[in-house]
Structure formats: structure tokens, C-alpha cells
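Let me begin by presenting the structure, written as C-alpha cells, before commenting on it.
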Amino acid sequence: MSFVAQLYRRFAHIVHELAKFGSIGALAFVITTGVGNVLHVGFGVGELTSTGVGTVVAATFSYLANRYWTFRHREQTGMGREYVTFFVLNGIGLLITWLIQGFTKFVLDQRGWIAYNASLIIGTAIATLFRYWAYKKWVFLPEDAPPVAPATGLPEASAPQDTASGQAPSPGHAPSPGHASSPAPGTAAARDYSHPLDSSRPEPEGLAEFTRAH
């Protein structure tokens with residue numbers, strides 16, 4: 001087997017993910033640029049506002065497509081948590097695009113639809129690299145990741161293990177510190193010597209000899 005084939009087999013899952021992610025990213029870019037150009041060129045809306053609106057629309061499409069196609073084999077931790085985290089990360093990606101557009105407009109003093117689209121392409125490309133890395137790390141978690149609490153969005157604490165049996169104790173039956181296990185029935189430790197007429201209670205050695213002598 002050639003080196004290229006071995007390399008492909010080793011990283012096939014990443015290649016497939018990148019191909020799907022790239023396809024969805026291309027469609028999301030068309031949505032972003034389409035909405036942005038309609039607002040900016042057609043209606044005279046500002047560059048940053050146009051890009052922001054286009055990004056929100058594209059991000060909604062991108063989340064659904066990535067959740068149910070690109071990363072469908074990964075753990076699902078709840079649409080609410082994933083959606084919020086997804087949009088927070090997309091907000092960071094939007095800031096990256098805005099920085100490029102702001103630099104083009106206010107520092108380089110390049111305006112017009114050509115400068116707008118050029119800065120949008122460069123900013124989106126950089127933001128896409130960040131999004132791919134961030135989605136895999138915080139949104140679409142691997143299958144072996146610890147479960148996430150829906151209320152907090154944080155990994156749930158694993159149940160403590162019983163050192164003797166290797167199993168987690170059931171709720172309400174965890175032994176308290178210093179608590180000794182009950183002795184087995186019939187053993188000397190299990191006998192109740194509190195009754196004064198209990199004949200099985202051992203007598204002192206001197207008293208037992210006196211009793212046998214009389």
C-alpha cells in the first residue's frame with residue numbers, strides 16, 4: 001500500500017468532515033455575501049451591519065446542516081446548549097470578519113463594493129478556520145466525551161466508585177465515614193449480650209469453676 005493511501009486511511013474521517021464542512025461553509029458564504037450585498041449595495045446599509053445580518057442568517061443554516069450532516073456521528077448534548085454555544089463562537093468569527101473589514105475601510109481607506117467583498121472574503125476565510133476548530137472542541141463533542149448537563153452546559157461529575165465492588169453506590173445508601181458493616185448473623189460479634197439471663201453469655205473464668213464445684 002502506498003504512503004498516500006495509508007495517509008488517507010489514517011485521516012479519512014477528518015477528510016470527510018472537512019469536505020462536508022467546506023461544502024456547508026461555501027453555501028453559508030453565499031448566504032452571507034448575498035444578504036450582505038443586497039443590504040449594502042441595494043439598500044445602502046452599512047458594511048458592518050450588512051455583514052452582521054448576513055452572518056446571523058448563514059449561521060442558522062450552518063448549525064442545522066453541520067448538526068445533522070457533518071457532525072451527526074458526534075455526541076448530541078442538547079440543541080439549546082449547542083445552539084447558544086454555536087452562536088457565541090459565530091459571534092467571535094463575526095468579530096474576526098469585522099476586524100478585516102474595519103481595517104480595509106478605516107485604515108486602508110478602501111471603500112465600494114469591490115473593497116467590501118474582498119475584505120468579506122478574507123475575513124470569512126480566517127473566521128472559518130476558527131469556527132471549524134471551535135465547533136469540534138465546544139459544540140459537536142466526540143462520542144467518548146463526558147455527558148453534559150443541559151442546565152449548565154458543563155460536563156457532569158462522574159459518580160463515585162465503590163472501592164470494594166467497583167460500582168457506584170446507589171443514592172441514599174452511601175456509607176458514612178467511620179461506619180462499619182453489619183456482622184454476619186450467628187457470629188460472636190452479632191450476638192446480643194445485653195439480656196441478663198442470656199445463657200450464651202461467656203462467664204469469667206473464676207466464676208465458671210466455682211459454679212461447676214457447687
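State the number of residues belonging to the range 96-120 that are surrounded by 13 or more Cβ atoms within 10 Å (Cβ to Cβ) and not polar (S, T, N, Q). I'd like the intermediate steps shown before the answer.
If we filter the range 96-120 for residues that are surrounded by 13 or more Cβ atoms within 10 Å (Cβ to Cβ), which is where we start, we get 96-105, 110, 115-120.
Remaining after also requiring not polar (S, T, N, Q): 96, 98-100, 102-103, 105, 115-116, 118, 120.
Matching residues across the range 96-120 total 11.
Based on what the data block shows, is Leu64 out of contact with any helix residue (DSSP H, G or I) (no Cβ under 9 Å at 6 or more places or on another chain) and of a type outside the set (Phe, Trp, Tyr)? If you could, list the steps in order and put the result at the bottom.
Working: out of contact with any helix residue (DSSP H, G or I) (no Cβ under 9 Å at 6 or more places or on another chain): yes; of a type outside the set (Phe, Trp, Tyr): yes.
Yes; evaluated as a whole, the condition is true for this residue.
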*asked:* Contact list please: Cβ distance under 8 Å, first residue in the range 104-119 and under 15 Å from Thr51 (Cβ atoms), second residue small (Gly, Ala, Ser), pairs at least six apart or on different chains.
replied: Thr104/Ala115; Thr104/Ala118; Thr104/Ser119; Lys105/Ala115; Lys105/Ser119; Tyr116/Gly36
*Residues in the range 77-103 that are free of Cβ contacts under 8 Å to residues at least 40 places away in the same chain and farther than 19 Å from Val57 by Cα: how many?*
3
*Check off (1) touching a Ser or Thr at 6+ places or on another chain (Cβ under 9 Å); (2) buried (at least 21 other Cβ atoms within 10 Å of the Cβ); (3) within 14 Å of Phe21 (Cα to Cα) for Ala65 and give me the number that stays unchecked.*
(2)
*Matching residues, the range 40-62, being of a type in the set (Gly, Ala, Ser) and either under 16 Å from Thr97 (Cβ atoms) or crowded, with 22+ Cβ neighbours inside 10 Å (or both)*: Gly46, Ser50, Gly52, Gly54, Ala58, Ala59, Ser62
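Consider the range 97-110. How many of its residues are touching a helix residue (DSSP H, G or I) at 6+ places or on another chain (Cβ under 6 Å) and farther than 13 Å from Gly36 by Cα? Before you say what the answer is, go through the steps one by one.
Here is the first cut: in the range 97-110, the residues touching a helix residue (DSSP H, G or I) at 6+ places or on another chain (Cβ under 6 Å) are 97-98, 100-101, 104, 110.
With farther than 13 Å from Gly36 by Cα added as a condition, the list becomes 100, 104, 110.
Looking only at that region, the number is 3.
Taken together, the values in this text are just the output of simple stated rules run on the coordinates, not laboratory data. Everything numeric here is computed off the predicted structure, so don't read it as measured data. FYI the Cβ positions are ideal-geometry reconstructions off the backbone, even for glycines, and counts take in every protein chain you see.
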